1. Let me spell it out: the conditions are (1) closer than 20 Å to Glu3 by Cα; (2) part of a helix (DSSP H, G or I), and Trp49 meets all of them except one. Which number is the exception?
2. Given the criteria of a type outside the set (A, V, I, L, M), more than 12 Å from the chain's Cα centre (by Cα) and at pLDDT below 85, does Lys89 qualify?
3. For region 45-75, give me the residue count where each residue is over 17 Å from Gly92 (Cα atoms), surrounded by 16 or more Cβ atoms within 10 Å (Cβ to Cβ) and at pLDDT 90 or above.
4. Being at pLDDT 90 or above and surrounded by fewer than 10 Cβ atoms within 10 Å (Cβ to Cβ) narrows it down to one of Asn26, Asn30, so name that one.
5. Quickly run through region 52-71 and pick out the residues that are closer than 23 Å to Glu3 by Cα and in a loop (DSSP other than H, G, I, E, B).
Amino acid sequence: MNEQEMMTNAMMKENYIDAIKSYVENKSKNDEQLLKALDNEKKTYEKCWSYIMRKAKDHLNNKSGHIMPSIVFGWAIHYFIEDESVLEKEVGKSIDNETTVKPKSQKEVKVQKEEKKNKSFETLSIFDFGVDE
């Protein structure tokens with residue numbers, strides 16, 4: 001069984017946080033930088049899962065879809081190794097906070113309405129095609 005299959009099976013059998021925890025801890029046995037990063041008390045597996053969910057949302061452009069387990073586990077490793085400030089820039093908000101919906105400004109709404117108007121086409125009737133006599 002290759003590593004990809006092992007990751008997929010882990011995600012299916014365990015809850016996601018436990019699967020990520022076992023993967024990250026297994027990887028830390030051979031990665032000194034990751035092993036040191038796991039000692040950071042500010043970073044938890046729950047916050048890691050929140051980070052992964054935000055990355056997935058951005059990756060899929062707020063649509064549903066599939067993300068390969070190797071990408072998800074890569075984000076988990078990245079979460080523990082990177083500094084908090086870098087992670088916040090990536091997801092656009094603090095990892096500790098839940099996602100919030102940014103209200104659209106009046107200008108954004110107006111631009112969207114104008115784009116819709118520009119995309120519509122003129123309806124023609126049969127009388128628009130004059131018959132030459």
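1. Here Trp49 clears every test but (1).
2. Judged against the criteria, Lys89 is a match.
3. 3
4. Asn30
5. Gly65, His66, Ile67, Met68
The values are calculated or read from the model by the stated rules, or taken from the named source; none is laboratory data. Computed from a prediction, not measured in an experiment: that's the story for all the values here. Cβ: placed from backbone, ideal geometry, glycine included. Neighbour counts: every protein chain shown.
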